[in-house]
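Peer 1: First the structure, which I've put down as structure tokens, then a few questions once you've had a look.
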Amino acid sequence: MADFKKSVVYQIYPKSFYDSNHDGLGDLPGVREKLDYIKELGVDYIWVTPFFVSPQRDNGYDVEDYYHIDPRYGTMEDFERLVHEADKRGIRVMLDMVFNHTSSRHEWFRKALAGDEKYKKYYFFRKGKAQGKAPTNWESKFGGSAWEYVPEMDEYYLHLFDVSQPDLNWDNEEVREELRKVIRFWMEKGVKGFRFDVVNLISKRGFEDDEEGDGRGFYTDGPNIHKYLKELNAGSFGKDAEIVTVGEMSSTSLENCFRYAGEDSGELSMVFSFHHLKVDFMGNEKWVLVPADFMKLKKILFDWQEKMEEHNAWNAVFWCNHDQPRVVSRFGSEGKYWKESAKMLATVIHGMRGTPYIYQGEEIGMTNAGFHDIAQYRDVESLNHFRILQEKGLTEADAYRILQVHSRDNGRTPMQWNTDQNGGFTDGVPWMEVNGNYKDINAAQQLRDDDSIFHYYRKLICLRKEYDVIAYGSFQALDGKNPSVLAYRREYEGRKLVVVCNFYGKEVDWECPTGLSGYRCLLGNYQDGEREMEDKIRLRPYEAMILYKEG
Ligand code: TEU
């Protein structure tokens, strides 16, 4: 059995990772060239986001062919070499399976559009409600209606994401078998992990107008979802106990996640949930400026920690991915306490019960893009919403302010390797601009500096390997009502761990409700020697500590 509880995953967005052939786009040989860097960090898995043949409307989350590699990223031989070279370093490869939808250029969809009845049943085609009216009022996650009209057919097809991403009909057994086949194909190539994109949206509840919301109630955690996941498991990855799986669960509930990631439920190893990353939204509305609500953040994190444990289910724990702004800009500070706050945020995640995920660049404290011109943006979601916000009456300046905070492109600027041109990402013209701060924030500098954010992440990963209490311990929230400190306690076979983090740039006194006598500090983000632990401690700005006691 793969011990995913002791593992850490590093997420690679290949397009922005490292360009080996000067075309301005990162690629698979580029990932291979950087394996020693990843090995130095100490992670167990690399999750590589989609590099299959795709028109790239959504950077590869629009798959045209699940069995072939997009030439922009390399060849099958490059992929096999990557798996082999990673394996030599004790790193396993996790692939990203986008099974809720395909690209509209996928052969299945083209056949459907050509009128082939078999393939029409692979998707959701429906008649309009009335002349010129879509079958339901559901909204696409990227803006506008979730239905697209096809005049030649006088029918609409469903796309929860971009119009070029038609939803697959999982109620059709043939579709389910096609997708199991895809997994088996990649298992043969030595793939040892799978991340399933928005996989809790695959079972639709029926097609009616949503009187209350944007439609998500009709397709989120739908009626057959657990059955379909069990079936996928049994018919593909479940045959290999070494394989680790993670489902991306959009707007999900704890109750469903107990089952998705329950130890004995035969579905997935773990889940990504996103409620903690909506604390700077207004409800579900992302395209607004609202200060992050710390109390809410804490409550959500603690609830998921406690309840998932109660039900013997497993979380993926994370702040960042390719859809999220950079965490140091979001919940930390880009200013004087940039380094301290980045390390503090890392501590919160890496001390928790769950498998930590690190997104490329997070380990060096990369910040938001700071783009101020729409020509710098690439993401379809940002481009759409920039227009929609202005249609709603916001000024261009206000629309920019919102994009600068929430755009997914904030997390997608190229990896900052060194002080060379384009941060060493490419010597061609980068597909997206590199963040202007690469001379100050880059991997080369941080590898040399023992006190860097990179080395702090490396130490956190070492601790998880060394101390079973981090991987297997129980979780208990501490001082839940404290308005500036996030603290919790872990316990395993008599060993205790207290993680305490000051979330703000001001000093604060903190008293540990369960006492701290006998504890020693395993790791902290301020450089000072042994510090005597008393029950009451003064935390410096953004200070974080991992305290440990045996017996
Ligand atoms: O993301 C799903 C998803 O729900 C987010 O894109 C989210 O809706 C968005 O950020 C809302 O603001 C997955 C992938 O991670 C993402 O990159 C894809 O674009 C999406 O699915 C479609 O495949």
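The values are calculated or read from the model by the stated rules, or taken from the named source; none is laboratory data. Bear in mind the structure is a predicted one, so any value in this text is a computation, not a measurement. All Cβ positions, glycine included, derive from the backbone under ideal geometry; neighbour counts span all protein chains shown. Just so you know, the surface numbers come from the protein's heavy atoms only, side chains and all, with ligands and any DNA or RNA stripped out. Shrake-Rupley method; radii C 1.70, N 1.55, O 1.52, S 1.80 Å.
Peer 1: Please list, ordered by chain and number, the residues whose modelled amide H lies under 5 Å from the amide H of residue 478; skip anything fewer than 5 residues away on the same chain.
Peer 2: 487, 488, 489
Peer 1: For the range 107-158, with all protein chains present and a 1.4 Å probe, just round the carbon and sulfur fraction of the accessible area to a whole percent. Before the final figure, lay out each step's value.
Peer 2: Details: 1340 of 2750 Å².
Looking at the range 107-158 in its full context, I get 49 percent from C and S.
Peer 1: From the helices alone, meaning DSSP H stretches of at least four residues, give me the mean residue ellipticity at 222 nm for the chain, per-run term -39500 (n - 2.57), in deg cm²/dmol to the nearest 500.
Peer 2: Values: 16 runs with 153 residues, N = 551.
For the chain, the value works out to -8000 deg cm²/dmol.
Peer 1: To continue, here is another question. Whenever you get a sec, line up 214, 409 from highest to lowest accessible area (probe 1.4 Å, protein heavy atoms).
Peer 2: On the way: 214 35, 409 0 Å².
Sorted by accessible area, descending: 214, 409.
Peer 1: If you don't mind, there's one more thing I want to ask. Multiply the residue gap between residue 39 and residue 534 by 0.36 nm, knock off their C-alpha separation, and tell me the result in nm, one decimal place.
Peer 2: On the way: separation 495, 0.36 × 495 = 178.20 nm, distance 3.74 nm.
Value of the extension gain: 174.5 nm.
Peer 1: Ordered by residue, what ³J(HN,Hα) values in Hz, to whole numbers, does the range 72-78 give under the Karplus form 6.51 cos²θ - 1.76 cosθ + 1.60, where θ = phi - 60° and Gly and Pro are x?
Peer 2: 4, 9, x, 10, 4, 4, 4
Peer 1: Something else now. Whose amide H sits under 5 Å from the amide H of residue 317, counting only residues 5 or more places off or on another chain, with H placed in the peptide plane?
Peer 2: Answer set, sorted by chain and number: 355, 357.
Peer 1: Any number yet on Rg/Rh for the range 126-229, C-alpha, Kirkwood? Intermediate values should be presented prior to the final figure.
Peer 2: Details: Rg = 15.5 Å, Rh = 15.2 Å.
Result for the range 126-229 is an Rg/Rh of 1.02.
Peer 1: Same structure again: Using a 1.4 angstrom probe on heavy atoms only, work out the carbon and sulfur share of the accessible area of the range 472-550 in %. Mind dumping the intermediate values first?
Peer 2: Numbers: 1580 of 3810 Å².
Whole-percent figure for carbon plus sulfur exposure: 42.
Peer 1: When you have a sec, figure out the Kirkwood radius of the range 472-550 from all distinct Cα pair distances and drop it here in Å to one decimal?
Peer 2: On the way: mean 1/r = 0.0789 Å⁻¹.
Hydrodynamic radius (Kirkwood, Cα only) of the range 472-550 equals 12.7 Å.
Peer 1: Which sequence of 197, 171 reflects their accessible areas, 1.4 Å probe, from the largest down?
Peer 2: On the way: 197 15, 171 75 Å².
Heavy-atom accessible area, descending, gives 171, 197.
Peer 1: Whole angstrom only: what separates the Cα centroid of the range 327-362 from the Cα centroid of the range 206-236?
Peer 2: Centre-to-centre distance over Cα atoms comes out at 33 Å.
Peer 1: If contacts are Cα pairs under 8 angstrom and at least 6 residues apart, what is the relative contact order of the range 107-158 in percent? Mind dumping the intermediate values first?
Peer 2: Values: 66 pairs, mean separation 14.7, N = 52.
Here the relative contact order equals 28 percent.
Peer 1: If you don't mind, there's one more thing I want to ask. What is the helix-to-structure angle for 225-235, meaning the angle in degrees between its Cα long axis and the longest Cα principal axis of the chain, kept from 0 to 90 and rounded to the nearest 10?
Peer 2: Taking Cα atoms only, the helix is inclined about 90 degrees.
Peer 1: Each label point is 7 Å from the Cα along the Cα-to-Cβ direction; what then is the distance between the points at residue 264 and residue 212, in nm?
Peer 2: Simple spin-label model gives 3.3 nm for this pair.
Peer 1: Sticking with this one: Which FRET efficiency value, to the nearest 0.05, is calculated for residue 398 and residue 205 with the Förster distance at 35 angstrom and r the Cβ-Cβ distance?
Peer 2: So, using R0 = 35 Å, E works out to roughly 0.45.
Peer 1: Let me spell out the model: positive unit charges on the Cβ of Lys and Arg, negative unit charges on the Cβ of Asp and Glu, origin at the Cα centre of the chain. What dipole size does that give, in debye rounded to 20? Spell out each step's value before the answer.
Peer 2: Details: 73 positive and 92 negative charges, 152 e Å.
The calculation lands at about 720 debye.
Peer 1: Further question on the same structure: Which residues' amide hydrogens lie under 5 Å from the amide hydrogen of residue 94, considering only partners 5 or more residues apart or on another chain, with H built in the peptide plane?
Peer 2: For residue 94, the qualifying residues are 46, 47, 48.
Peer 1: Got a sec? What order do 460, 447 fall in by accessible area at 1.4 Å, biggest, i.e. largest, first? Walk me through the numbers on the way to the answer.
Peer 2: Numbers: 460 5, 447 65 Å².
If we order 460, 447 from most to least accessible, we get 447, 460.
Peer 1: Could you give the size of the charge dipole of the range 107-158 about its Cα centre, using +1 on the Cβ of each K and R and -1 on the Cβ of each D and E, expressed in debye and rounded to the nearest 20?
Peer 2: 180 debye
Peer 1: Let me ask something else. By what distance, in whole Å, do the Cα atoms of the chain stretch along each of the three principal axes, largest value first?
Peer 2: If we take the Cα atoms of the chain, the spans are 76, 53, 50 Å.
Peer 1: List, in order, the whole-Hz ³J(HN,Hα) value for each residue of the range 491-501 obtained from phi through the Karplus relation with A = 6.51, B = -1.76, C = 1.60 and θ = phi - 60°; use x for Gly and Pro.
Peer 2: 8, 7, 6, x, 9, 10, 9, 10, 10, 10, 9
Peer 1: If you don't mind, there's one more thing I want to ask. If you project the alpha carbons of the range 107-158 onto the principal axes, what extent comes out on each, in Å, largest first?
Peer 2: Answer, in whole Å and largest first: 27, 24, 14 Å.
Peer 1: Next question, about the same structure. What is the helix-to-structure angle for 380-391, meaning the angle in degrees between its Cα long axis and the longest Cα principal axis of the chain, kept from 0 to 90 and rounded to the nearest 10?
Peer 2: Tilt relative to the chain: about 80 degrees.
Peer 1: Something else: Could you estimate the translational diffusion coefficient of the range 214-365 from the Stokes-Einstein equation, with Rh from the Kirkwood formula over C-alpha pairs, at 10 °C and 1.306 mPa s, in whole µm²/s? Numbers along the way, then the final one.
Peer 2: On the way: Rh = 16.8 Å.
In µm²/s, the coefficient is 95.
Peer 1: Moving on to the next point. Return the Cα extents of the range 338-388 along principal axes one, two and three, sorted largest first, each rounded to a whole Å.
Peer 2: 41, 24, 17
Peer 1: Relative to the longest principal axis of the C-alpha atoms of the chain, give the angle of the C-alpha long axis of helix 396-406, reported between 0 and 90° and rounded to the nearest 10°.
Peer 2: Helix 396-406 sits roughly 60 degrees off the main axis of the chain.
Peer 1: Still on this structure, please answer the following. Which whole-number percent gives the relative contact order of the chain, counting Cα pairs below 8 Å spaced six or more residues apart? Walk me through the intermediate numbers first.
Peer 2: On the way: 1165 pairs, mean separation 71.3, N = 551.
For the chain, the relative contact order is 13 percent.
Peer 1: Ok, one more. Please give the contour-minus-distance gain from residue 234 to residue 477: 0.36 nm per residue of separation, less the Cα-Cα distance, rounded to one decimal in nm.
Peer 2: Details: separation 243, 0.36 × 243 = 87.48 nm, distance 3.62 nm.
So the chain would gain 83.9 nm between residue 234 and residue 477.
Peer 1: For the range 341-437, what is the relative contact order in percent, using Cα pairs closer than 8 Å and at least 6 residues apart in sequence?
Peer 2: Relative contact order for the range 341-437 comes out at 27 percent.
Peer 1: Wrap a convex hull around the Cα atoms of the range 18-111, take a quarter of its surface area, and give that in square nanometres. Walk me through the intermediate numbers first.
Peer 2: Working: hull surface 25.2 nm².
Here the figure is 6.3 nm², rounded to one decimal.
Peer 1: Among 389, 274, 147, whose Cα projects farthest towards the positive end of the dipole of the chain, with charges put on the beta-carbon of Lys, Arg (+1) and Asp, Glu (-1)?
Peer 2: 274
Peer 1: Ordered by residue, what ³J(HN,Hα) values in Hz, to whole numbers, does the range 236-241 give under the Karplus form 6.51 cos²θ - 1.76 cosθ + 1.60, where θ = phi - 60° and Gly and Pro are x?
Peer 2: Karplus-based 3J(HN,Hα) across the range 236-241 equals 8, 5, x, 6, 10, 5 Hz.
Peer 1: Output needed: percent of Cα pairs per 10 Å distance bin for the range 1-160, bins running from 0 to the one holding the longest distance.
Peer 2: 10, 31, 26, 19, 12, 3, 0
Peer 1: Quick one: Kirkwood hydrodynamic radius for the range 420-461, alpha-carbon pairs, angstrom, one decimal?
Peer 2: Working: mean 1/r = 0.0866 Å⁻¹.
Here the Kirkwood hydrodynamic radius works out to 11.5 Å.
Peer 1: With the other protein chains left in place, how much accessible area per residue, in square angstrom, belongs to the range 107-158 at a 1.4 angstrom probe? Present the calculation step by step, with values, prior to reporting the outcome.
Peer 2: Details: 2750 Å² over 52 residues.
Ligands and nucleic acids excluded, the result is 53 Å² per residue.
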